[in-house]
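Undergrad: Below are the structure tokens for one structure; questions will follow.
The values are calculated or read from the model by the stated rules, or taken from the named source; none is laboratory data. Since the model is a prediction, treat every value here as computed from it, not as a measurement. Quick reminder, even Gly has a Cβ in these numbers, built from the backbone with ideal geometry, and neighbours come from all protein chains shown. Heavy atoms of the whole protein, side chains included, go into the accessibility calculation; ligands, DNA and RNA do not. Shrake-Rupley method; radii C 1.70, N 1.55, O 1.52, S 1.80 Å.
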Amino acid sequence: MGEQRLKVSTTELAYHWFHRIVAAYCLLAGLSYWIRLIGYYQGALWRFDLMPPHWQAAAVALAVLFPLAASGLWMLASWGPVIWFICAAVEAAMYLGFPELYGERPLAVAAHGLVLLVFLGFRCVLFLEQRRRVDGG
């Protein structure tokens, strides 16, 4: 039995670091929703009991889902990007579909779109690398 080494490509290493960077963003986003919920936020919706019902539902869901996505992304679990995608879709629906209720945050939506494109790019490159490894030997 020969010695077998696990080789991690540069692309895989970059993909893992990308996961961790997105995880840090998700943790900060989750904390920002928790700050709103506990009352340290100085905006118009500064406390849970003063928020309209649509903001209460969104803030509670995202305050739970963003840290969950962060932990999944940090651990490189397969469900991490799925939970992140749910968070991104909810925020995109909030800010693009209902700007009269939630306001407009085009930078947040653009950031989610950019992260999605980078995720898809990494997955395509990793698929092609895996295919080349299988075909090459």
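Conditions (1) modelled with pLDDT of 95 or more; (2) among the hydroxyl-bearing types (Ser, Thr, Tyr); (3) assigned to a loop (DSSP other than H, G, I, E, B), marked per residue:
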| residue | (1), (2), (3) |
| --- | --- |
| 1 | no, no, yes |
| 4 | no, no, yes |
| 23 | yes, no, no |
| 32 | no, yes, no |
| 61 | yes, no, no |
| 70 | yes, no, no |
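Undergrad: Checking the structure you have, find out if any residue of segment 123-134 is assigned to a helix (DSSP H, G or I), under 19 Å from the mean Cα position of the chain (by Cα) and either touching a residue at least 60 places away in the same chain (Cβ under 8 Å) or under 25 Å from residue 12 (Cβ atoms) (or both). Break it down into steps so the answer makes sense when it comes.
TA: Start the filter on segment 123-134 by keeping residues that are assigned to a helix (DSSP H, G or I), which leaves 123-134.
Now restrict to residues that are under 19 Å from the mean Cα position of the chain (by Cα): 123-124.
From what is left, the residues that are either touching a residue at least 60 places away in the same chain (Cβ under 8 Å) or under 25 Å from residue 12 (Cβ atoms) (or both) are 123-124.
Looking through segment 123-134, at least one residue is assigned to a helix (DSSP H, G or I), under 19 Å from the mean Cα position of the chain (by Cα) and either touching a residue at least 60 places away in the same chain (Cβ under 8 Å) or under 25 Å from residue 12 (Cβ atoms) (or both).
Undergrad: Next up: Checking the structure you have, find out if any residue of segment 90-112 is more than 16 Å from residue 21 (Cβ to Cβ), acidic (Asp, Glu) and in a loop (DSSP other than H, G, I, E, B).
TA: Checked against the condition, which is being more than 16 Å from residue 21 (Cβ to Cβ), acidic (Asp, Glu) and in a loop (DSSP other than H, G, I, E, B), segment 90-112 yields at least one hit.
Undergrad: To continue, here is another question. Determine whether residue 77 is within 23 Å of residue 54 (Cα to Cα), of a type in the set (Gly, Ala, Ser) and modelled with pLDDT of 95 or more. So that I can check it myself, show each step before the final result.
TA: On the way: within 23 Å of residue 54 (Cα to Cα): no; of a type in the set (Gly, Ala, Ser): yes; modelled with pLDDT of 95 or more: yes.
The answer is no for residue 77.
Undergrad: Would a scan of segment 48-66 turn up a residue that is surrounded by 13 or more Cβ atoms within 10 Å (Cβ to Cβ) and touching a Pro at 6+ places or on another chain (Cβ under 9 Å)?
TA: Scanning segment 48-66, I find no residue that is surrounded by 13 or more Cβ atoms within 10 Å (Cβ to Cβ) and touching a Pro at 6+ places or on another chain (Cβ under 9 Å), so the answer is no.
Undergrad: Check residue 95 against each of (1) closer than 17 Å to residue 55 by Cα; (2) open to solvent by 100 Å² or more (accessible area, probe 1.4 Å); (3) of a type in the set (Phe, Trp, Tyr) and name the one condition it does not meet.
TA: Of the numbered conditions (1) closer than 17 Å to residue 55 by Cα; (2) open to solvent by 100 Å² or more (accessible area, probe 1.4 Å); (3) of a type in the set (Phe, Trp, Tyr), the odd one out for residue 95 is (2).
Undergrad: Given the conditions (1) part of a helix (DSSP H, G or I); (2) open to solvent by 30 Å² or more (accessible area, probe 1.4 Å), report the number of the one that residue 119 does not fulfil.
TA: It is condition (2) that residue 119 fails.
Undergrad: Would you check if there is a residue in segment 20-38 being open to solvent by 30 Å² or more (accessible area, probe 1.4 Å), in contact with a Cys (Cβ under 7 Å, 6 or more places away or on another chain), aliphatic (A, V, I, L, M) and within 30 Å of residue 123 (Cβ to Cβ)?
TA: No, that holds for no residue.
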